[in-house]
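**Student:** Quick one: this structure, given as structure tokens, is what I'll be asking you about.
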Amino acid sequence: MKTIIASTLASAALIACAEPFGAAEKAVLRDVAKQAEAKLKEAAAFEGKAVTLLPVHGDEDGYMERLLIGAVVLSGRTGVISNDEKNDERFKRILADIKWDAVQRRLSSIDPATIDELGRLKSTQILMEARLDLTRATTNEYGEATGASAELNLLAYAVETKQYVWNANIVKEPEAPPPPPQLPKQIASTAVSPLHVAVEAKAGKNAERVSGFVETSVRGMLAQLGYVVDGNRKPDVIVSLETSRETFDHTGGWFVYDGTLKVKANVVGAEAKLLGETSIAGRGARGLGEIQADRNLADALGEQAAGWLKRTLKSDAVGFEALLFSVYTLDAADAEKIRTAAAAMDGTRVATTESTDEANGWTTFRVVYEKAKFPGGFAAMLFAANPELLK
């Protein structure tokens, strides 16, 4: 019977649960637990005493609690499960979950003193409180997990005297990120370049005019977002519009049109990528004459399209950036080596030679790349990976 109690308590205490802390946060908490273990080893207040850790304030699914129980054990202290059923919520939870012998009676029906007599639980002499304040790891603009920081306060008091007998405060600051690679001196300048967008419009039967109105509205909105729309170069993004129109009402010279607008946004380059697509339905306001009714329908469809495109094509959602950088080069072959190396970088979508200043030996390149893959900046990481290009 004693063996059943011990093994059941152990299995209940080790039930697997979800772990919402991320890898960066767990690393910080493991370090905090190591420091707690060292402090517990030095604490004279725990000599010969049975200590119980209460549930950790600020914990997630018992992760910090498990680390601290391990710290108590590894420090050589006597860690026990509390027999104070009224005040220790963790102990009450264990009692509620464990069943007893063949008739399935619950341990909560047995006096905790009886369990003490069986030798499975020692009476708690010191209760230890723990409060955890954790600054969660976040993701920076390049998609990297930033370091977490934590502060753990431990406070112990004697059950018999109600006297505080020990305290420790452990602080773990986040590690400073490594400095980004420095740009080589041979790089003259770098500047963000706007992405280029092409708008392709298709009209259904009798929808040519409303399609033109919608297309004009979308072009203006894209320009406001900072894109170059239908410039003289190959686009980085293609926005496709397909408009249809039906007559809802026609009374005298007044018209009301229903319409549907299908919108699709694709990134072009090394690998085509669908950013998103949607279908928008709308009804225009009553208009005097077909032209005004078409304009009203275009307003209704364009307003919805603008909201969707702003969400879909904002820089964070697209995840791409265009960069211009100038490099001192010896000749055209030297410049082509740089362009080829830039195109081969993982995360590059487009790499082109924009212009050449032969008199001064400078070549300007343009790349479109995935920002998350170049946390140190594209140009710096390109030449850090290919130092031979600058020799």
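**Student:** Quick one: what pairs do we get from the stretch 44-68, first residue in a loop (DSSP other than H, G, I, E, B), second among the basic types (Lys, Arg), C-beta under 6 Å, 6+ apart or different chains?
**Tutor:** 55/90
**Student:** Moving on. Take residue 222 and decide whether it is closer than 30 Å to residue 353 by Cβ, assigned to a helix (DSSP H, G or I) and in contact with a helix residue (DSSP H, G or I) (Cβ under 9 Å, 6 or more places away or on another chain).
**Tutor:** On the way: closer than 30 Å to residue 353 by Cβ: yes; assigned to a helix (DSSP H, G or I): yes; in contact with a helix residue (DSSP H, G or I) (Cβ under 9 Å, 6 or more places away or on another chain): yes.
So residue 222 passes the test.
**Student:** Taking the condition of being modelled with pLDDT under 85, within 38 Å of the chain's Cα centre (by Cα) and open to solvent by 70 Å² or more (accessible area, probe 1.4 Å), how many residues in the stretch 62-90 meet it?
**Tutor:** Going through the stretch 62-90 one residue at a time, the tally reaches 1.
**Student:** Does at least one position in the stretch 234-257 carry a residue that is touching a His at 6+ places or on another chain (Cβ under 6 Å) and not β-branched (Val, Ile, Thr)?
**Tutor:** We begin by selecting, within the stretch 234-257, every residue touching a His at 6+ places or on another chain (Cβ under 6 Å); these are 235-236.
If we keep only those that are not β-branched (Val, Ile, Thr) as well, we get 235-236.
For the stretch 234-257, residues touching a His at 6+ places or on another chain (Cβ under 6 Å) and not β-branched (Val, Ile, Thr): present.
**Student:** Another question about this same structure. List every residue pair whose Cβ atoms sit under 8 Å apart, with the two residues 6 or more apart in sequence or on different chains, where the first one lies in the stretch 278-306 and is of a type in the set (Ser, Thr, Tyr) and the second, anywhere, is open to solvent by less than 20 Å² (accessible area, probe 1.4 Å).
**Tutor:** Listed pairs, sorted by first residue: 278/263; 279/261; 279/263.
**Student:** List the number of the failed condition for residue 255; all other conditions in (1) under 46 Å from the mean Cα position of the chain (by Cα); (2) free of Cβ contacts under 8 Å to residues at least 40 places away in the same chain hold.
**Tutor:** So the condition that residue 255 fails would be (1).
**Student:** Which one is modelled with the lowest pLDDT, of the residues in the stretch 181-197 that are assigned to a loop (DSSP other than H, G, I, E, B) and surrounded by 14 or more Cβ atoms within 10 Å (Cβ to Cβ)? Talk me through it step by step, then tell me what you get.
**Tutor:** Just the residues of the stretch 181-197 that are assigned to a loop (DSSP other than H, G, I, E, B), to begin with: 181-186, 194-195.
Keeping just the survivors that are surrounded by 14 or more Cβ atoms within 10 Å (Cβ to Cβ) gives 181, 183-184, 186, 194-195.
Working: 181: 51, 183: 47, 184: 50, 186: 61, 194: 79, 195: 80.
Within the stretch 181-197, the match that is modelled with the lowest pLDDT is 183.
**Student:** Taking the stretch 313-344 on its own, how many of its residues are assigned to a helix (DSSP H, G or I) and farther than 30 Å from residue 386 by Cβ? Steps first, answer last, please.
**Tutor:** Step one: list which residues in the stretch 313-344 are assigned to a helix (DSSP H, G or I), which gives 313, 315-318, 332-344.
After this cut, where a residue has to be farther than 30 Å from residue 386 by Cβ as well, the list is 313, 317.
Of the residues in the stretch 313-344, 2 are assigned to a helix (DSSP H, G or I) and farther than 30 Å from residue 386 by Cβ.
**Student:** Would you check if residue 300 is touching a Lys or Arg at 6+ places or on another chain (Cβ under 7 Å), at pLDDT 85 or above and under 30 Å from residue 248 (Cβ atoms)? Spell out the reasoning first.
**Tutor:** Values: touching a Lys or Arg at 6+ places or on another chain (Cβ under 7 Å): yes; at pLDDT 85 or above: yes; under 30 Å from residue 248 (Cβ atoms): yes.
Here the answer is yes, as residue 300 does meet what is asked.
**Student:** Let me ask you something else. Identify, from the list 200, 215, the residue that is at pLDDT 90 or above, in a helix (DSSP H, G or I) and not basic (Lys, Arg).
**Tutor:** Numbers: 200 fails: in a helix (DSSP H, G or I).
Only one candidate qualifies: 215.
**Student:** For the list (1) surrounded by fewer than 18 Cβ atoms within 10 Å (Cβ to Cβ); (2) among the polar types (S, T, N, Q); (3) under 38 Å from the mean Cα position of the chain (by Cα), I need the number of the one condition that residue 243 fails.
**Tutor:** (1)
**Student:** Might you let me know whether the stretch 279-290 holds any residue that is under 38 Å from the mean Cα position of the chain (by Cα) and crowded, with 18+ Cβ neighbours inside 10 Å?
**Tutor:** First pass over the stretch 279-290, keeping only residues under 38 Å from the mean Cα position of the chain (by Cα): 279-282.
Filter again for crowded, with 18+ Cβ neighbours inside 10 Å, leaving 280, 282.
Yes, the stretch 279-290 contains a residue that is under 38 Å from the mean Cα position of the chain (by Cα) and crowded, with 18+ Cβ neighbours inside 10 Å.
**Student:** Report, by residue number, each residue of the stretch 361-391 that is surrounded by fewer than 19 Cβ atoms within 10 Å (Cβ to Cβ) and aromatic (Phe, Trp, Tyr).
**Tutor:** The answer is 362, and nothing else.
**Student:** Yes or no: residue 310 among the basic types (Lys, Arg), surrounded by fewer than 17 Cβ atoms within 10 Å (Cβ to Cβ) and either in a strand (DSSP E or B) or at pLDDT 85 or above (or both)?
**Tutor:** Details: among the basic types (Lys, Arg): yes; surrounded by fewer than 17 Cβ atoms within 10 Å (Cβ to Cβ): yes; either in a strand (DSSP E or B) or at pLDDT 85 or above (or both): no.
So residue 310 does not fit the description; no.
The values are calculated or read from the model by the stated rules, or taken from the named source; none is laboratory data. Because the structure is predicted, anything quoted here is derived from the model rather than measured. For neighbour counting, all protein chains shown are included, and Cβ atoms are generated from backbone atoms with ideal geometry for every residue, glycine included. These accessible areas exclude ligands, DNA and RNA; they are computed on the full protein's heavy atoms, side chains included. Shrake-Rupley method; radii C 1.70, N 1.55, O 1.52, S 1.80 Å.
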